[in-house]
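The values are calculated or read from the model by the stated rules, or taken from the named source; none is laboratory data. All figures in this text were calculated on a predicted structure; none of them were measured in a lab. Every residue, glycine as well, gets a Cβ built from its backbone with ideal geometry; the counts of neighbours run over all protein chains shown. All accessible areas refer to the heavy atoms of the entire protein, side chains included, with ligands and DNA or RNA removed. Shrake-Rupley method; radii C 1.70, N 1.55, O 1.52, S 1.80 Å.
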Amino acid sequence: MSSKATAQPLSLKIASGAFLAFWCVLAAFPIFWIAVMSVKSPRDAFAASAWDVITGPVTQAAGNGLSVLDIVIGLAFLVYAVRWAFTGLPKLIAHLSPPAWIVLGWLVGAAVYAVVFVLLFFGLLPIILGAVNAIAGPLGTPILGLTTEHYVAVWGENAFYENFINSMIVTAGVVTVSLTVGTLAGYGLARSGSNLAFWLLILALIFRALPHSVLVAGYLPWFINSAEILRPIFGELSPTLYGQPWAVIAVLVAINQPFTIWMLRSFFQNIPSELDEAARVDGCSHFQAFRRVIMPVMWPGVITTGLFSFLLGYNDFLVTSLLLDAQNQTMVPAIAGYFNRETTTTDQVEAVAAAVSITAPLFLLVMVFQRQIVSGLTAGAVKG
Amino acid sequence: MKFKTFFWFVAPSLFMMILFIAAPLISVFIQSFQITQPVMQQIEVETCTPGFLTQTCTTELKTVPVIDEATGKTQTTTAWVGLESYRNVLQMDKVWAAIGSGQFRDILQIDFWKALRFTLTFTLLTLPLVVGVGLAIALAVNNAAKSLRGPVIFISLLPFIITPVIGSLSIYWLFVGDGILTTTLERWTGQDIAMFAQSWTIELLMYFYRVWHVAPFAFVIFYAGLQTVNMDTLESAIIDGASRFERLRYVIVPHLMPLIVFIALIHLMDCYRVFEEIIGFRSEAHVISLQWLTFDFLTPDDAGNRAISRASASAMLTMIGIVILLILPLRRTWRDHKGGAH
């Protein structure tokens, strides 16, 4: 009965479907478009007609093009590689790595997979396809302009990999430290019903609201002069904190703490407290109960919170651009360096390529961890 | 849990927050009443240029910073200046002059008031849009076939997860002088369009960007909330003859109300620190925000000096603003806590 009563008229269904399609186009278009622009020659990337941007006649005329055969085989390879990453790879890793080292196994597995993929896709495939195209006739003539010159320029000549490494150091540091500190605090807060715990959470909420520039205004004078301030304590070894990646990691961890403890607390509240009470009855101390009983079951929450810490560290512009100097700049502030040079269209397209390079890891992240991200967003809201 | 154990669990986190959040706040508060300047001295400099018969020599007084012999750095002094930095940021004399002469628009020429105006409009205008668009997407996804939901959620997450600077850049490149959407619009309207030449079009794009960026977050949360709507209530509403819209208005929205409050709170905090859009759209000349103002003071100028005291003053003013915005929601939480069973 209810199905009939809640059945929707066709017009509503069409309207809702159309709206959804519109939203999907809107959500994906800017990202899709910068990806397309980044592989075209500058004249094509800023061409007046959208069709020219997609097909890239100038790029193609310069000898960089894909034939029908290239596209079909390349796409088939890509689809197969992605599907295997979600089906074959997990089995292989589970088979090869001992159960206790599964996390390490995944890290090694993902790295090996990435290297093999790059070698096959960018190394072997073009050679084979070049030979096939030569004998394929009309199917082998280029129809779609595509060039990787901007990526080569960005990663090679402009040494973007240095920024990439800096980004990775900062992000990895932020994720590890924030999770270590945050899980302990989150567990403590979830298991203590005291007023103090409540006030700590409210304080954390207020801290979360603070604009980051307010905090950076507080750090800067101290960081620049830290060598002199710390000299009485550490002597000649006292460091200048300004420009040090680990100082930025500490700052970002602190900025991220309020969010981390709120989120982990709501995850820990969902773990029944009978679990650790049972361990306590068996004679464990609180820390032992945490280590032996809670740690094995807390991974879903930790992975989700880790993802959001990753995003904070990776996406940050304000803190890293003010507290790091040019030598050890991370990727996102480094792209601002392109603005000043952006005098020719080539520079602009190189900036686009750099932007796509920054987005690519995030794209992979959503692909692999979509479920965790969604559950994390929802968990934060459950007990807002 | 005993207090002592609780303390040891929380201590590392608390230590980080005190050292890197609370302590800087105190430091900013003190800095905003101080001003640190290099010690200057006047010296006579004789410069000679070769001339006919004799050299032409001129002596002039130059003001140069005093260099410390031991460290080789410029000496600085720190002086208490009271509210002067605040006066420099607020420029109340100009504000009163503008009010006195009835030229209210002149107030918005001053950086701080310009930034405040934009930050507040931005926060309050995007809030209903984000809630509305998020709810609409959630309802539409809930309506769609099950097999479609996964891919739609995947695509929706992309704008949310993308680096804010890159996200605003990607929209900037669509609308820049020879960007694809500008040329398309120009062809349709037959006019010359420059989206980044005046402030209102930039602001429009910023509102669009922010809704595009945050609506997925609202969508995911509302979508999760929609899964727990009580079907019995919904059915009794149908039996009572409630139309589709009335069901949405009286059953679904009240059910989602806690989530709407949650999103509004988070959105208030995040929007108030609007900053990345200014960088991505390169709108410094037209539209600025409070957080950008502090950032600008902190960025070294051509001579390498940072206006720390003015930055601190503007940071303190920014903070006062967010405290005022958050007082109401926080009071509610406090009342809920007192009413709760703790």
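Label sites at B:Tyr207 and B:Thr76, each approximated as a point 7 angstrom past Cα along Cα to Cβ, lie 4.2 nm apart. Quick check on the protein assembly as shown: take the gyration tensor over C-alpha atoms, sort the square-rooted eigenvalues as a ≥ b ≥ c, and tell me if it's rounded (a/c under 1.5), prolate or oblate. Rounded. Label-to-label distance, A:Met295 versus A:Ala360, with points set 7 angstrom from Cα along the beta-carbon direction: 3.6 nm.
What FRET efficiency would be calculated for the residue pair B:Asn143, B:Met40, taking the C-beta separation as r and a Förster radius of 56 Å, to the nearest 0.05? Using R0 = 56 Å, I get an efficiency of 0.20. Computed over every Cα-Cα pair of chain B and binned at 20 Å starting from 0, the pair-distance distribution P(r) comes out as 20, 44, 28, 7, 2, 0 percent.
Taking Cβ separations below 4.7 Å as the criterion for a possible disulfide partner, the isolated cysteines in chain B are B:Cys271. Counting only other chain Cβ atoms within 10 Å of each residue's Cβ, the peptide A:13-26 averages 5.
Among B:Ala97, B:Ala307, B:Ala136, which one moves the most in a GNM of chain B with springs linking Cα atoms closer than 10 Å? Largest GNM mean-square fluctuation: B:Ala97. GNM on chain A, alpha-carbon springs under 10 angstrom: the most fluctuating residue among A:Leu241, A:Leu89, A:Leu311 is A:Leu89. Rounding to the nearest 20 debye, state how big the charge dipole of chain A is about its Cα centre with +1 on each Lys and Arg Cβ and -1 on each Asp and Glu Cβ. My answer is approximately 1280 debye. Every helix of 4 or more DSSP H residues in the protein assembly as shown counts as -39500 (n - 2.57), and over all residues that averages to -23000 deg cm²/dmol at 222 nm.
Counting Lys and Arg as +1 and Asp and Glu as -1 over every other residue whose Cβ lies under 9 Å from the Cβ of B:Ile107, the net charge comes to +3. Relative to the 2.2 N^0.38 Å rule of thumb, chain A has a C-alpha radius of gyration ratio of 1.22.
Based on the Cβ-Cβ distance from B:Leu185 to A:Lys13, what FRET efficiency comes out when R0 is 45 Å, to the nearest 0.05? That gives a FRET efficiency of 0.90. Spin-label model, B:Ala197 to A:Arg280: label points 7 Å out along the Cα-to-beta-carbon direction sit 7.0 nm apart. In a fully extended conformation the segment linking B:Arg87 and B:Arg249 would gain 53.4 nm over its present Cα-Cα distance, using 0.36 nm per residue. For A:Leu144, the residues 5 or more places off, or on other chains, whose built amide H falls under 5 Å of its own are A:Leu66. Applied to region A:124-140, the Karplus parametrisation 6.51 cos²θ - 1.76 cosθ + 1.60 on θ = phi - 60° returns per-residue 3J(HN,Hα) values of 7, 4, x, 5, 4, 5, x, 5, 5, 4, 5, 10, 8, x, x, 5, x Hz, with x for Gly and Pro. Measuring nothing but protein heavy atoms, the accessible surface of region B:1-132 at 1.4 Å probe radius is 63 percent carbon and sulfur.
The A-B contact accounts for approximately 9000 Å² of buried accessible area, totalled over both chains at a 1.4 Å probe radius. Solvent-accessible surface, computed for protein heavy atoms with a probe of 1.4 Å, shrinks by 20 Å² or more for the following residues of region B:12-42 when the other protein chains are added to the isolated chain: B:Pro12, B:Ser13, B:Leu14, B:Met16, B:Met17, B:Phe20, B:Ile21, B:Pro24, B:Leu25, B:Ser27, B:Val28, B:Gln31. When the protein assembly as shown is described by a simple charge dipole with +1 on each Lys and Arg Cβ and -1 on each Asp and Glu Cβ, the residue from A:Val25, B:Leu181, B:Phe281 located farthest towards its positive end is A:Val25.
Once the other residues with Cβ under 12 Å from the Cβ of B:Ala264 are scored (Lys, Arg +1; Asp, Glu -1), what is the net sum? Residues close to B:Ala264 contribute a combined charge of 0. The residues of region B:279-298 occluded by other protein chains by 50 Å² or more of accessible area, set against the chain on its own, are B:Arg282, B:Gln291, B:Phe295, B:Leu298; surface from heavy atoms, 1.4 Å probe.
Which FRET efficiency, nearest 0.05, do A:Leu237 and A:Ile73 yield, Cβ-Cβ r, R0 41 Å? The formula returns an efficiency of 0.10 here. Taking the chain by itself as reference, region A:292-327 contains these residues with an accessible-area loss of 50 Å² or more in the full protein complex (1.4 Å probe, heavy atoms): A:Asn315, A:Phe317, A:Leu318, A:Leu322.
For region A:347-356, backbone phi angles converted through the Karplus equation (6.51, -1.76, 1.60; θ = phi - 60°) give residue-by-residue couplings of 4, 4, 5, 5, 4, 4, 4, 4, 4, 5 Hz, Gly and Pro being listed as x.
Accessible area per residue for chain A, computed on protein heavy atoms with a 1.4 Å probe, is 48 Å². For chain A, a Gaussian network of Cα nodes joined below 10 Å ranks A:Ile335, A:Ile224, A:Ile93 by mean-square fluctuation, and the top entry is A:Ile93.
Using only side-chain charges placed at the Cβ, +1 for Lys and Arg and -1 for Asp and Glu, the dipole size of the protein assembly as shown relative to its Cα centre rounds to 2740 debye.
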